[in-house]
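Derivation of every value follows stated rules applied to the coordinates shown; laboratory data play no part. A quick note: this is a predicted structure, and the numbers were derived from the prediction, not measured. We place every Cβ from the backbone using ideal geometry, glycine too, and count neighbours over all the protein chains shown.
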Amino acid sequence: MSNRHRGSWIAGGVLLLVALSSLIVPALSPYDYYTPQLDLISKPPMLQGGHLLGTDPLGRDLLIRVLWGCRISLLIALVASGISVGLGVLWGATAGYAGGTIDALMMRTVDVLYSVPFVPFVIVLTVLFGHELWLMFVAIGAVSWLDIARIVRGETLSLKRREFIEAARVSGVRGARMIGRHIVPNLLGVVIIYATLTVPTVILFEAFMSFLGVGVRVPLASLGSLIADGASDMQAHPHLLLVPAAVLAAIVYCFNFLGDGLRDLLDPRQQS
């Protein structure tokens, strides 16, 4: 096993550990993520029994808050990435297979959407519909599918000239059946690779939106909102910023490393 593949396994194990910890530890802990304890305000790590990472400005256990933040950030990233991949694959495969005027119109639509300032777009959505968790799924998923659509379209243009596509066409397979039965299944390797690489981008985008205050609603917390809270108190209590920032950096790094490993495994052309 090469060092890169070994590193990918380690990255996957770290992500699995973080995901399981975010589900199990808060359920077993005597502390919750929302109840203030005013006698434990902003205690540093290890100085109060049971609070391994200290407490926040409202006396809430920082470890539990960070694990809940991991849970929310991973949930948003996975659901939004799923929406992004679904839209991108459907749009790109349809455009690439249809070709001609339909392809041109669909890809010009993608070009126009690229010019839309997405941060103000998400802010407008939150103003109209409120800081709902489902809105983050839809908003981030709806603005992150454009790259995947272009990649899938290019792969589809290559696939539809292959012999097995011609054979299916001769046998009478057309339209949606062709896309669903022959085009999309042969794109799964590329889709899995870019889906894995999309997740860290979505995590960072969600963290940025939460840092701006247009993310999840309190008392829920994502890693971005925890970083924003820590930044406001970093001089007196730097652990409030450093802990969630380190966890966010580790998650993004692991997803990127895992994506590189899957790229090498599923697409040998990309191996160095």
Distance from the range 8-36 to the range 58-126 (C-alpha centre basis), Å: 25
The helix 100-114 Cα axis meets the longest alpha-carbon principal axis of the chain at an angle in degrees, between 0 and 90 and rounded to 10, of 20
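Under the definition of Cα pairs under 8 Å and six or more residues apart, what whole-number percent is the relative contact order of the chain?
Numbers: 366 pairs, mean separation 65.4, N = 272.
Answer for the chain is 24 percent.
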Taking the Cα centre of the chain as origin, sum charge times position over the Cβ atoms of Lys and Arg (+1) and Asp and Glu (-1), and report the length of that vector in debye to the nearest 20. 980
Could you give me the percent of Cα pairs per 5 Å distance bin for the chain, shortest bin first, beginning at zero and ending with the bin that holds the maximum distance? 1, 6, 11, 14, 14, 13, 12, 10, 7, 5, 3, 2, 1, 1, 0, 0
Extreme residue, positive dipole direction of the chain, given options 66, 235, 138 (C-beta unit charges): 138
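When the helix-only estimate is applied to the chain (DSSP H runs of n ≥ 4, each -39,500 (n - 2.57), divided by the residue count), what is the mean residue ellipticity at 222 nm, nearest 500 deg cm²/dmol? Working shown, then result.
Numbers: 11 runs with 188 residues, N = 272.
That calculation yields -23000 deg cm²/dmol at 222 nm.
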Using all C-alpha to C-alpha distances in the range 44-153, build P(r) with 10 Å bins and read off the rounded percent in each one. 14, 29, 25, 17, 10, 5, 1
Please work out the Kirkwood hydrodynamic radius for the range 96-218, using every pair of different C-alpha atoms, and report it in angstroms with one decimal place. 16.7
Here the longest stretch of the chain that holds no trypsin sites (Lys or Arg not before Pro) in a DSSP loop having at most 11 other beta carbon atoms within 10 Å is 1-160
Taking the chain as the reference, fit the longest principal axis to its C-alpha atoms, fit the long axis of helix 133-143 to the helix C-alpha atoms, and give the angle between the two in degrees, 0 to 90, nearest 10. 40
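Could you work out the local net charge near residue 33, counting Lys and Arg as +1, Asp and Glu as -1, over the other residues with Cβ closer than 12 Å to its Cβ? If you can, show how the numbers build up before the last one.
On the way: positive: 60, 65, 71; negative: 32, 56, 61.
Summing Lys/Arg as +1 and Asp/Glu as -1 gives 0.
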Just add up the charged neighbours of residue 143: K/R +1, D/E -1, any other residue whose Cβ is under 15 Å from the Cβ of residue 143. -2
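Residues with beta-carbon under 12 Å from that of residue 241, excluding residue 241: net charge, scoring Lys, Arg +1 and Asp, Glu -1? Spell out each step's value before the answer.
Numbers: positive: none; negative: 56, 229, 233.
Once positives and negatives cancel, what remains is -3.
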With axes computed from alpha carbons, what is the tilt in degrees of helix 3-28 against the longest principal axis of the chain, rounded to the nearest 10 within 0 to 90? 50
